[in-house]
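Notes follow once the structure below has been shown.
The values are calculated or read from the model by the stated rules, or taken from the named source; none is laboratory data. A quick note: this is a predicted structure, and the numbers were derived from the prediction, not measured. Note: ideal-geometry Cβ built from the backbone for every residue, glycine included; neighbour counts use all protein chains shown.
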Amino acid sequence: MPRASLTDLEAVRIAPTPRLPVLGDALARRLAPAGSFLVPTILYFLLAVTSLVLGGTIAAMAIIGGVVEARPLPAWTRGVVGTASLVSFVVAWLPLLWWIRRRRNGLRRVVTHGALAPAQLVARLPLPVAGGHAVVLSARLGDRDRTIRTTFPRLVQGETVEILWLAGVDVVIAFPGGRAVAAPVR
């Protein structure tokens, strides 16, 4: 008889803490897939192209700076302008890469070292998009009460859902219906 697969919550519950990095990696990749970074990547591409043009322009202006007479520029100026453009293009990507890494590492740390805690639905708020609802959860995380705002399907007022949390990380993983969903902590 084939064995039924475990839900995310069951996999987290049965694994001893610290949990295996394989579980953390799998959930982090699913909760923050590459496709979820598409819009920020497009915006950063535009920023990088802008920096490419501006970096070259600034380098060219610095080289040409005091030249008033019309005379040919030395051959090395093309290399300097090209290098400045390339460096500014690469540097423009660093904040995006740092953010993606920070987000995935935070989720990974919550899965591998986090603790389960109950959170109760205290409010449903209408969203202006497509008639959806945001939910507000209240949970006691460590020694402080925290508020978690996110969009969980099929939760009713007063319902309790298990969350996985870790002190110092600004995201929790909730398990409505046993399936993992990431949510920011405020």
Testing L6 on (1) modelled with pLDDT under 90; (2) part of a helix (DSSP H, G or I), one condition comes back false. Which one is that?
(2)
Checked I100, I173, I148 against criteria (over 30 Å from S51 (Cβ atoms) and at pLDDT 85 or above); the one match is I173
Does segment 68-76 contain any residue that is at pLDDT 75 or above, part of a helix (DSSP H, G or I) and within 25 Å of P33 (Cα to Cα)?
no
Here's a check for you: in segment 156-166, which residue that is outside any strand (DSSP E or B) and modelled with pLDDT under 85 is farthest from R140 (Cα to Cα)?
V156
If you scan segment 169-186, which residues turn out to be assigned to a loop (DSSP other than H, G, I, E, B), under 14 Å from A115 (Cβ atoms) and touching a strand residue (DSSP E or B) at 6+ places or on another chain (Cβ under 6 Å)?
F175
